[in-house]
Structures are given as C-alpha cells and as structure tokens.
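Some notes on the structure that comes next.
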Amino acid sequence: RREHSPSGSRLIWAQRRVAEWQPCEWWQTAMPAPSTRNGYIRIDCYGGLNQLRRDLCDGIAVARLLNATMVLPKFEVAAYWNESSGFADVFDVDHFIEQTRGYVEVVKDMPEEISLKEPFKVDCRKQKGHFDYVETVLPALLQHRYISLTPAMSQRKDRYPSHAKACYCQGCYNALKLNKKVEAKAMELLQAIPKPFLSLHLRFEPDMVAYSRCEYSALSSKSLDAIEAARGEDRNVLVGDAAHLWRNRGKCPLTPSETAFILQALGIPTETNIYLAAGDGLMELDGFTSIYKNMYTKSSLLTHEDFERMHGNTKAALDYYVSVNSDAYVTTFFGNMDKMVTAMRTMQGLQKTLVLSRRAFANYTAAGLAGDQLAKAMWDAHREDYIMGRGLALPEHCFCEFKL
C-alpha cells in the first residue's frame, strides 16, 4: 500500500495533534445585565436553518449590547422553504430561556400595551464594515420601546464588549437545543446509521455551482443543463486568467469524484459507513458512490411518510444533529452549517473534524500533479491542518487554543 505519512500511519485521524481548541472559560460565567431595560427586541431571521441560527446568535449579543429584553425570535422561512415554521418548531423554548438567564433577559410575553402594536422594523442586513449597533439602533429602541431587528450579515464581533461576546457564545453554543420532538426523530435517525460512521457534508448542487461561476468540463450533459438553468444572467462563467485565479483561491466546489479521491488520499477506507448530510439535487453522486458504497441518507433511513411530512428546517436539523454526533465529520465547504457543526463538535471534545481544502486541490492540480503525487500533496496539506486544529472553532473569542 502507499504510505503518504512519514510516521507510517496512513489514516488522517491517527495523526498526533499538536494543538486543539476548547471553549474558553471566561464566558461560561454570566455577567448580569443592568436591572432596567431600554425596551423589547425581536430578532427576525431569514433563510434556511443555519442562516437563521447565525442571525439569532448575532441577535442575542445585540440584545445585550443594547440592554434590551429579548422576545422569542421570528423565523422568516417562507421564501427559502416555501413553508412556515417558527422558532418553537425546531428549538426548545424553555431551555433557551433558562440557558440565557443572567446573560440576556428572554421573555415569552410582553406587557399588553406593547404586545398589541407591531414592532418598529430595523433591517441591518446591508450594513457593511465597522457598523455600530449602539449608534444606529439604540435611538430607535429608546423611541419605540419595541423593535424587530435583522442583524448585519458580516459584523465584526471581536469589537463587542466582553459582556456581549459572552452572550453570543452562551446563546449560540449552550442555549440552542432541538425541541423534544425533533431531537427524538434525530436520535432515531442517528441510531439507524451503522456504526462507526463518518458524516460528510457534500455540496455540489446546480445553484451552488452556478453561483461559484466555475467551469466544469467533465460533467454529464444533465448536470451541465441543470447548472445552466440555475445560472441566470449575472452569473457568467469566468474564463482565462480570472478563472485560474478564482479556482486557485479555492472558490470552486469539489465534485463528488474529487471528494472521493481526497478521502482516499487521507486514508479513509472505502468500506467506511458514510452519512450524506446534504439537501436534494446533488449532482454527479455516482462519482462518489462508485468508490464509497456504504452511503446512507435521511430519505434512505426514514420512512417515506415521515420524510415527506417534514419541514425543510426539520430536515436540516436532522443533518445538523447527526453531524455533531458522528464519529467523524468532513465537509467540502465551510458554510453556515459547517461553522456551527465544527464549533459544536469542539464544544463536545470531538476532534475528528476536517474541512477539505479546495484551494490546495486547485493549486496542486493546476501545477500538473495527479495520481500518487496529488494524493501525497493532499495528505500533507490536510495532515498539517488536522494536527494544528485549523478552522475548527469559530468565532475565536468563544474558543481558546491549547497546545498538546
């Protein structure tokens, strides 16, 4: 067999780690808020489950920053899932209130004179750069006493005061627990997967590939047609030097066959049980399942009736739960779900977690590497990431690095 690792052990998980991340101690003690509040705030969250969760985590910190009482958030999912499901349909409300106590006040009900009126809307989604919630949003809160807030999409949390950072960490990583009904279904799914298993978050859907603006020549005509249909007028394929630069920066999604090649290079046995944490519409899956044949999905393990009745957010919650509790987690993309899953695995001390490097694969293939040479280069790049615990714990103010 090929030996890629200088130590002689070819499996990536067998490599001795030099550093790992753990939750920092400083934020795990509550920093009580002032007894008087500036008003009530409802966080309005848009998108799929993991975008909703990202916005809610930000909103918890903002509520404390503005010294506001938080009412239960509103999930705006209709445009994303073509359905309606609220916070309580996915998360345990009482657990959320209990775990945020001492960090930020959360209530189910408001005084009647406030609850009867609609909140004043404050939408910060388009705010960029260094954006100050106190300067921008606090005046509206003081004037109207009840506001609905959609947080900025790319806010620098490292500039928050420590009490707001603590709220973010506690709210995001200790307070958000699936409700009993969803958790029971998730546990049922987890128990049905043969053990041990690896959860793989594989992203290669038409809209994602179209959005990347990357060109793929070796795909089936069916896949190429699906990508073209999803492309739209403003997503033309990049060509020439721009295309090479874009790909070498790691902007192009890994195909299922490229993913299978990298897993083999990392010594992941082809008989490994793999749970595919993915939505509908994955293309070119044969390129993966022709090598890794023991693959399981939600739809293959749940009854058809069960699966069809589920909300999109519930399906996403099942993937999240299984991925957090899997023996190993690998992702081909570092999106909202991956940031949350890798952080929650870190919270639980589960270290067999890896983000595959699209950048390394693109650069080595552009340099002409293939076969064993490419496999060795991928081993070296990912081994370095794994032993250093890179990219596994975001945001850094919630997690601290420990040298081993």
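Of note:
- Dipole magnitude of the range 40-177, debye to nearest 20 (Cβ charges: Lys/Arg +1, Asp/Glu -1, about Cα centre): 540
- Of the peptides 379-388, 38-47, 15-24, the ranking by mean beta-carbon count within 10 Å, highest at the top, reads 38-47, 379-388, 15-24.
- Set of aspartates and glutamates with alpha-carbon distance to Lys195 below 18 Å, sequence-local pairs under 8 removed: Glu271, Asp319, Asp327
- Solvent exposure of the chain amounts to 47 Å² per residue of accessible area, where only protein heavy atoms count and the probe is 1.4 Å.
- Nearest-10 value in Å² for the accessible area of Tyr173, using the 1.4 Å probe: 10
- Using the Cβ-Cβ distance between Asp241 and Val107 with R0 = 51 Å, the FRET efficiency computed as 1/(1 + (r/R0)^6) comes to roughly 0.35.
- Within the chain: Cβ-based charge dipole about Cα centre, in debye rounded to nearest 20 (Lys, Arg +1; Asp, Glu -1): 940
- Extreme residue, positive dipole direction of the range 40-177, given options Ile43, Val71, Tyr168 (C-beta unit charges): Tyr168
- The range 96-190: Lys pairs at Cα distance under 19 angstrom, eight or more positions apart or on different chains: 7
- For the chain, cysteines whose Cβ has no other cysteine Cβ within reach (under 4.7 Å): Cys45, Cys124, Cys167
- FRET E, pair Gln22, Glu98, Förster distance 22 Å, beta-carbon r, rounded to 0.05: 0.40
- More than 35 angstrom apart: percent of Cα pairs within the chain: 32
- Listed peptides 206-218, 59-71, 262-274 by packing density, highest first (mean Cβ within 10 Å): 59-71, 262-274, 206-218
The values are calculated or read from the model by the stated rules, or taken from the named source; none is laboratory data. Please read all numbers here as calculations on a predicted model, not as lab measurements. Note that each Cβ is placed from the backbone with ideal geometry, even for glycine, and that neighbours are counted across all protein chains shown. Please note that ligands, DNA and RNA were not included when accessible areas were found on the heavy atoms of the full protein model with its side chains. Shrake-Rupley method; radii C 1.70, N 1.55, O 1.52, S 1.80 Å.
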